[in-house]
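Data first, discussion second: the structure below is written as C-alpha cells.
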Amino acid sequence: MSSQTVFTPGALLAGRRAVVTGGAAGIGAAIARSFAAHGAHVLVADLDPVTDRTFDPAAGGSIEAIEADVRTAQVPEALLAHRPDILVNNVGHYLRPPRPFAENEPDLWEQLHEVNLGHVLRLTHAVLPGMAERGGGSVINLTTVEAHRAMPGHTVYSAYKAALMQFTRSLAAEVGPAGIRVNAIAPDLIETVQVPYAELVPEEQAPLWPTWSPLGGPGQPEDVAGPALFLASDLSRFVTGGTIHVDGGTHGAGGWVPRASGGWTNRPLNP
C-alpha cells in the first residue's frame, strides 16, 4: 500500500461507480445522494421510483435508477453492466410486527432470509469478480444494532442480521488481498419510512430521547450516509471487516440510562 496521503481536496468518490440497493427513500436515498455529491455515478436498485435526486452536481456525480426486486434469484444485468467499485447492500426489513418465535410460520423465515441475507450473498457474489479485476472496491452492508443485542419478537430477523455481520467479517478476510474492503453499518434510532419516529413518539414523550440514547434523537438518514461515504472512499482504505454503529450511543451504553436525579442505572424503575 502506498504511503502517499489520501487527505487531498476535492470530491471523495470522483469517477467511482456505486450500486445502492433500496435507494429510493430513507437511508439508501441519503447514501445515494451523498455518493453522487462526491462525484460517484450511482445506480439505485429499488422497486419504488427514485424521486429525490437532490445533490450538488459540481463534483460530476449522477444518480440513475432501475426497477428491481433484489430478493429474486436473478441478479439484474444492468447492475453488473454498471461495473460497480462500490456496493451498498442496504435492503432489509423485519416484515411483520413483533411476535413470539413459537408462533411464527416457517414460510416467514424464508422471507426474512431473502430480504436480509440471501440477496446480499447473491449480489456480492456477482460483483466481486469485476471488483477484483479492476483492482479493488468497497462492499458496505447495512445491518442493525439488533445484530449485537436481543430483539424479542423479531428473533429470526436479528439472527439473520447477526449472520450478515459475520459474513462481513469473514468475507473481508477472504477478499482483502484483492483490494476489496468489506464493512458494515449498524444503525439504531434513525428516522425512516420503516420506523417513523415523528409519528411513533408523541410530543409529550420527546423529552425522553436523552434517556433512550446518549446523543438523544432521533437520528436522520444523513447520519448514516456520512459513515457510508467514509467506508466507500479512500479515507477508509485500511479499514475492513468492521462495523460502524450509528445509533446515538445505544450500543455503547449497553442498556445504561441516566437517572433524573443524577447518575446512571441499568435497572430503570419506569422504562
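How much length is gained on full extension from residue 215 to residue 169, taking 0.36 nm per residue of separation minus their Cα-Cα distance?
On the way: separation 46, 0.36 × 46 = 16.56 nm, distance 2.78 nm.
My answer for the length gained is 13.8 nm.
So between residue 56 and residue 234, what do we pick up on full extension, going 0.36 nm a residue minus the alpha carbon distance?
Working: separation 178, 0.36 × 178 = 64.08 nm, distance 2.05 nm.
Value of the extension gain: 62.0 nm.
Which FRET efficiency value, to the nearest 0.05, is calculated for residue 126 and residue 93 with the Förster distance at 22 angstrom and r the Cβ-Cβ distance?
Values: r = 21 Å, r/R0 = 0.98.
The formula returns an efficiency of 0.55 here.
How far, in nm, would the chain grow between residue 101 and residue 200 when pulled straight, counting 0.36 nm per residue and subtracting the alpha carbon separation?
Working: separation 99, 0.36 × 99 = 35.64 nm, distance 2.44 nm.
The residue 101-residue 200 span can extend by a further 33.2 nm.
Please give the FRET efficiency for residue 71 paired with residue 270, using the beta carbon to beta carbon distance and R0 = 35 Å, rounded to the nearest 0.05.
After rounding, the FRET efficiency stands at 0.25.
Rounded to the nearest 500, what is the 222 nm mean residue ellipticity of the chain from helices alone, with -39500 (n - 2.57) per DSSP H run of 4+ residues and division by all residues? If you can, show how the numbers build up before the last one.
Details: 9 runs with 85 residues, N = 271.
Taken over the chain, the calculation gives -9000 deg cm²/dmol.
Summing +1 for each Lys or Arg and -1 for each Asp or Glu, what net charge is found among the other residues whose Cβ lies under 14 Å from the Cβ of residue 72? Each step should come with its number before you reach the end.
Numbers: positive: 71, 122; negative: 46, 67, 69, 77, 110, 114.
Overall, the nearby charge balance is -4.
Looking at the P(r) of the stretch 40-150, how many percent of alpha-carbon pairs lie beyond 25 Å?
Working: 1980 of 6105 pairs.
Result: 32 percent of Cα pairs exceed 25 Å.
What is the sum of charges around residue 84, taking Lys and Arg as +1, Asp and Glu as -1, for the other residues whose C-beta is under 14 Å from the C-beta of residue 84?
Values: positive: 16, 17, 83, 134, 181; negative: 64, 77, 85, 133.
Around residue 84, the charge tally is +1.
Values quoted throughout were computed directly from the atomic coordinates according to the rules given, and no laboratory measurement underlies them. Note that this is a predicted model, so its numbers are computed, not measured. When we count neighbours, we look across all protein chains shown, and the Cβ atoms used for this are built from the backbone with ideal geometry, even at glycine.
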